[in-house]
Amino acid sequence: MMRLVLQSLRQIGEFGRILGRIAQRGDVILLSGSLGAGKTTLARSIAAGLDVPAEHYVTSPSFSLMLEYQGRMPLYHIDCYRLRGEDDVEESGLMDYIVADGLTVVEWPDRLGGLVPAEHLDIRMDGAGEQARKVVVTPRGRRWLERMDDLKTACAAASIPVEN
Ligand SMILES: Nc1ncnc2c1ncn2[C@@H]1O[C@H](COP(=O)(O)OP(=O)(O)OP(=O)(O)O)[C@@H](O)[C@H]1O
Ligand SMILES: [Mg+2]
């Protein structure tokens, strides 16, 4: 587990780009936190770290449920806010993208219920408005556990303070 305090939009951007650069094909990142916590803001920076051209990145997929981008691998940005639970998720056809051939980033993953994949990086964001964001990053499964030291090193190199 790793705790971060992201003081500014610039630091959110740096953290997101680190995640995008460290991502591997088949990865899943789950972004939790209340309305306005910064999940979409972080997802946009993850896209940048995956080399999705900034002009291609539209916005949050709240209405479309899923938006696909092409970077050094595909990015599937999913927003489950409008889904009510597992049945909705299964009907939506999103399961094909939850673990896929690129990086999948999911906002409001609590809607997935028992459909949450075993291997994922759990990111919880706390804070609103202009406040600093408290972020707790927990690896679930071997894929992300193996990269936690790299993630910590990259954060430290970007002057993002890391607490264990
Ligand atoms: N340090 C910060 N970190 C993240 N966002 C910040 C920060 N400071 C200000 N903001 C602003 O907070 C807002 C966060 O909105 P964002 O859409 O990313 O949240 P969200 O978690 O995706 O919300 P939703 O649940 O509605 O999808 C943005 O307008 C962003 O500019
Ligand atoms: Mg959002």
Name the residue from N164, T104, L75 whose Cα lies farthest towards the positive end of the charge dipole of the chain, charges +1 on Cβ of Lys and Arg and -1 on Cβ of Asp and Glu. N164
By the Kirkwood definition, with r running over pairs of different Cα atoms, the range 21-66 has a hydrodynamic radius in Å of 11.8 Å
Got a sec? How would H56, H77 order by Cβ neighbour count within 10 Å, fewest to most? H56, H77
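Can you give the calculated 222 nm mean residue ellipticity of the chain, where each DSSP H run of n ≥ 4 adds -39,500 (n - 2.57) and the sum is split over every residue, rounded to the nearest 500 deg cm²/dmol?
The per-residue figure over the chain is -8500 deg cm²/dmol.
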Could you work out the equivalent-ellipsoid semi-axes for the range 2-158, taking the square root of 5 times each eigenvalue of the Cα gyration tensor, largest first, in whole Å? 22, 17, 16
Among the range 91-128, those whose backbone N falls under 13 Å of a label point 7 Å along Cα→Cβ from L145 are 119-120
Net charge, E90 excluded, C-beta distance under 12 Å - Lys, Arg +1, Asp, Glu -1: -3
Please list 129-136, 11-18, 39-46 highest first by mean number of surrounding beta-carbon atoms within 10 Å per residue. 39-46, 11-18, 129-136
At 0.36 nm per residue, and after removing the present C-alpha to C-alpha distance, how many nm does the segment from D101 to A54 gain when stretched out fully? 14.8 nm
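Could you give the dipole magnitude of the range 74-164 about its Cα centre, charging the beta-carbon of Lys and Arg +1 and that of Asp and Glu -1, in debye to the nearest 20? Walk me through the numbers before you get to the answer.
Details: 11 positive and 18 negative charges, 81 e Å.
With Lys and Arg at +1 and Asp and Glu at -1, about 380 debye.
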Placing +1 on the Cβ of each Lys and Arg and -1 on the Cβ of each Asp and Glu in the range 2-158, which of S32, G141, L19 has its Cα farthest towards the positive end of the resulting dipole? L19
Just grab the label-to-label distance for N164 and E90, each label 7 Å out from Cα along the Cβ direction, in nm (one decimal). 4.3 nm
Treat every Asp and Glu Cβ in the range 27-102 as -1 and every Lys and Arg Cβ as +1, leave all other atoms uncharged, and give the resulting dipole magnitude about the Cα centre to the nearest 20 debye. 420 debye
Where the only charges are on Cβ atoms (+1 Lys, Arg; -1 Asp, Glu), what is the dipole of the chain about its Cα centre, to the nearest 20 debye? 620 debye
If you fit an axis through the alpha-carbon atoms of helix 39-49 and take the longest principal axis of the Cα set of the chain, what angle between them do you get, 0 to 90°, nearest 10? 70 degrees
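Only the coordinates and a few stated rules stand behind these numbers; no lab work does. Here the structure is a predicted model, which means the values were calculated and not measured. Quick reminder, even Gly has a Cβ in these numbers, built from the backbone with ideal geometry, and neighbours come from all protein chains shown.
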